[in-house]
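Q: Have a look at this one.
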Amino acid sequence: MPELELEPTETEVKKEASGRFFNRFTREQRYLHAVLFSTFLGLAGTGLPLRFSESIWARGLAGAVGGFGAILFFHKFCALVLSVAFLIHVKEIFTRGIFRREKGIFWGATSMVANWKDAKDIFNHMRWMVGLGPKPEFERYAYWEKFDYWAVFWGMIVIGFSGYAMWFAPFFARFLPGWALNAALVIHSEEGLLAILFIFSIHFVNTHLRPDSFPMDMVIFTGVESEEEFRHKRPQEYARMIREGKLEQRLGTAPAAWFVTGAKVVGFTAIFIGLTLLVLTLTAYFR
Amino acid sequence: MTKAARFVAFFVAIVAGPADWLSTLLRFTRLQRASVISLFALVVFLAPHRLAAQTDCLACHGDKTMQDAAGHSISVDGDKFSASIHGSLQCNNCHADIKQYPHPDHVAKVDCKSCHADEASKLTSSVHSSSKEHPCTSCHGNAHEIFPKTDARSAVYPLNVPKTCGQCHSDGAMASKKGLPSVYPHYMDSIHGFALSKEGLLVAANCQSCHGSHGILSHKDPASPTYKSNIPKTCGTCHAKINDDYQAGAHGHAVASGNLKAPVCTDCHTAHAILQPTESEFRTQSTPICGSCHKDKLSTYRDTFHSQLGSLGGYVETARCWDCHGAHEIYPASDPRSPVSKANLVKTCGRCHTGANLSFVQYQPHANAHDRKLNPALFYVRLFMNLLLASVLTFFVIHTILWLIRSRFDQVRRKSANGGKDA
C-alpha cells in the first residue's frame, strides 16, 4: 500500500532541513488578511450580540462597550473598513489580470478559480482520509483554501449588500421591493452566522489547528514558509517550481524572531477571541 | 385652681374697683341692674370656664411624663392641642364618660364617630374596617394634634399622605406582613412620587387621589376606583385628554364593553412605579407587556432589527409597539385613523426613517419567515439560507473530523517510528 509509506520522521526532517525559506504571500496579501481578520472579529463581536440580543452575554457585551448604540457604530465602522479593503482587493485582481495581463489570475495552477483538479482533489483527499488511496498532491491553492477564499468573497458581497440595504433602507427601497428589507436581515444574519461558524471552527482547524500546522500556520503573517513545509504541503507546486526553474526566484528570508513572536501573540489572540465567540454563539443557538 | 382664683379676683377688681362703675350701677332700675349683672355673670361664668375645662385636665395631663398603668403616655401637649383643629373643644366633648374629677382609672376609648359619622360609616365598609387595627389616629396622627388636611402639619396633607400610608404599606411594615405588596418605595420612585416629594406639587397624585381616603375598597371590588374597568376614569380625573383618547381606541372600547382582558392605564404604566414614558426603562419594559396578549406579534417583532437593536436598553430610540401603533388611541390597522393604516405608513415610518417612501413602507415589521402563506418570499429566502448553512457546515465538519483523525494517525505513526519516543 503505497499510501501508507512512511513519511520521513521529525529527526530526518530536521536533518534534511535546508534552512531555506520561500515566499508564499506578498506583503499586500498579508495586510489584507490582517485587515480582514481584525474587522471580521469586530463585526462578529458586535454582530452576535445583535443576533442573539436576548441572551445574557449580549447584554454584558453591549454594556461593556457603551450600549447598543456604540455596538452599532462599531459594527458600521468595521464594515466600512472591510468594504474598502474588499474593493482594493477586487481592483488589484482586475489590474493584475486584465491591465497587466498577468498569467494565472483567472485560470491555471496559481488561480483561485476552481478547476477540474480541485474536484478530483476533494474526492481523492477524502479517499485518503478513510484510507482508500494516496494523499493527493496539492498545487499553490488547495481546494479548501479556494473554498475559504470564495466563501469570504461571496460572504462579503451578500453580507455587505444586505447590511448596506438595512443601513440605508430608505435609499435602497427606491429600487428594491419592501419585502427585500425583511429578507435583508434574514440573509445578513444567517450568512453572518455561517461565516462565524465556518471561520471559527472549519477555517481555524483546517488552516491552523490541524496536526500539520498546529498550533498556527505562520505563513499568513510572515509571508514565508520553510522549504520542508512547502514541499510537504504543496508538493505539486514545489515540483512545478523546480521544473520551471523558478524555485530560486521564490527564495525569501527567514522571519525575525521578534516578528514571529509578535505575530503569534496577534494570531493567538484572534483565535482565542474567535473560539470564545464560537462558544457564545453555540450556547445562544442551542439555548 | 390658682389660675381660676386669679381670674375671679381680676373680675372683682374690674367690676367693683372704680366708684363711678358702682354708682352707675346703683342708679339703674332693678330690671336693668339684674340684666347687667346677669350678663356679667354669664360672661364671667362662660369665658373662664371653657378654658378652665382644658386647664383642669392639663393640670395633670400636661405633665409630659404622665403614663397610665400599662406604661402608655397619657400626657397632652396643651399648646399643640389648642392650635389643633379640635383646640376649641373641651376634653370631655370627646372623652364623654368623664364627668368629674377624680375620674375612673379606665376611661372609654374616644369614638370619633359621634361627630364624624360619615367618615366612620365609609370606613366600616372599607378595607380598613377593623377599628382595632386601623384606628382613625393611624392615619390622622396623634388625637390631640390633628390638623385640617389643608394644613402642612397634618398627616393627611397631600404631601404627607404617601408617608402616612407608607407606615404600613412599605417594605417589612404591617401590610407586607399580611401578604400585601410593598408599594410605598415604588410610588416614591414614580413620576407621581417625584412630583410630590421633589417639586412639592400639591396636585400630584398621592395615594388617596386614586384609592380614596375613608372608603378605600379592594381593587377586586367593582365599586372601587382602582377596579380594572374604573381605572381609566380614575386616572382621567387628572389625565382627561388621555382618557378621552383611550376611550376612543380599541382597548378603551374593549374595556367599556366588558372585556377585562384588555389593558387599562395600569397594565402598561403599572400602578405605583409609574415611569416617565420617554425613559429607557419604560421603553424597554413595555414591549413585553403588549406581548403578553399579542404573543404572535411580539415573537415576530423579536425577529426584527427593531427588537434586536432595542431589546437591551442602551439603544432606546428603536421602534417599540406604541411608536407605530399609538399609545392610548390604538385603532386597528384597517381604521384610517391608525398610524399604521396604509395611508399613514409613509408618515409614521418617516418619523424615524427620513426619506421613507411607498416601497420602503412595504417592509413588514411583523414578518414571519416561517410562514409560507403569509410571507412566501421571505420563507424561501430563509429556507435557502438555512439549507446553505446546514449543508456547508455538515460537509466541512465531516471533512475536517476525518482529516484530523487521519493526520493525527499519520503523525503518530511517524513519531512511533522513532522508537516511540515522540508519540
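Q: What residue among B:T29, B:H134, B:A377 has its Cα farthest toward the positive end of the dipole of chain B, where the charges are +1 on Lys, Arg and -1 on Asp, Glu, each on the Cβ?
A: Towards the positive end, the residue furthest out is B:A377.
Q: Whole Å is fine, so just give me how far the alpha carbon centre of region B:357-376 lies from that of region A:158-195.
A: Their Cα centres are 13 Å away from one another.
Q: At a Cα cut-off below 24 Å, give the lysines reachable from B:K163, other chains included and same-chain residues fewer than 8 away excluded.
A: B:K80, B:K122, B:K132, B:K149, B:K177, B:K178, B:K198
Q: Relative contact order of chain B: what whole-number percent is it, with Cα pairs under 8 angstrom and at least 6 residues apart?
A: So the answer I get is 7 percent.
Q: Charges on Cβ only, +1 for Lys and Arg, -1 for Asp and Glu, centred on the Cα centroid of region A:209-287; of A:G223, A:F286, A:I273, which one is farthest towards the dipole's positive end?
A: A:F286
Q: Moving to a separate point now. Projecting each Cα onto the charge dipole of region A:22-285 (Lys/Arg +1, Asp/Glu -1 at the beta carbon, about the Cα centre), which of A:P211, A:A70, A:P170 comes out farthest on the positive side?
A: Comparing the listed Cα positions along the dipole, A:P170 ranks first.
Q: Residue by residue through region B:252-258, which ³J(HN,Hα) values in whole Hz follow from phi under the Karplus form 6.51 cos²θ - 1.76 cosθ + 1.60 (θ = phi - 60°), with glycine and proline marked x?
A: 3J(HN,Hα) across region B:252-258, in whole Hz: x, 4, 4, 5, 4, 8, x.
Q: So what J values fall out for region A:84-96 if you push phi through Karplus, 6.51 cos²θ - 1.76 cosθ + 1.60 with θ = phi - 60°, rounded to Hz, Gly and Pro as x?
A: Taking θ as phi minus 60°, the curve returns 4, 4, 5, 5, 4, 4, 4, 4, 4, 4, 5, 4, 5 Hz for region A:84-96.
Q: Relative to the Cα centre, what is the charge dipole magnitude of chain B, using +1 at the beta carbon of each Lys and Arg, -1 at the beta carbon of each Asp and Glu, and rounding to the nearest 20 debye?
A: In total the dipole reaches around 1260 debye.
Q: On C-alpha positions alone, give me the angle between the axis of helix A:27-51 and the longest principal axis of chain A, in degrees, nearest 10.
A: That works out to roughly 40 degrees.
Q: Moving on. Per residue of region B:179-186, in order, report the coupling 6.51 cos²θ - 1.76 cosθ + 1.60 (Karplus, θ = phi - 60°) as ³J(HN,Hα) in whole Hz, putting x for Gly and Pro.
A: x, 8, x, 7, 10, 4, x, 5
Q: Under a point-charge model restricted to the Cβ atoms of Lys and Arg (+1) and Asp and Glu (-1), what is the dipole moment magnitude of region B:147-216 relative to its Cα centre, in debye to the nearest 20?
A: 180
Q: Report, to the nearest 10°, how far helix A:143-167 tilts away from the longest principal axis of the Cα atoms in chain A, using its own Cα long axis and a range of 0 to 90°.
A: 20
Q: Next question. Among all lysine pairs in region A:22-285 that are eight or more places apart or on different chains, how many have alpha carbons less than 27 angstrom apart?
A: Pairs that pass both the separation and distance tests number 24.
Q: Assigning unit charges at the beta carbon (Lys, Arg +1; Asp, Glu -1) and nothing else, what dipole magnitude in debye, to the nearest 20, does the protein assembly as shown show about its Cα centre?
A: I would put it at about 860 debye.
Read the figures in this text as sums done on the coordinates, not as results from a lab. In this text the structure is predicted, and so the values were computed from the model without any measurement. Cβ atoms come from the backbone with ideal geometry, glycine included; neighbour counts cover every protein chain shown.
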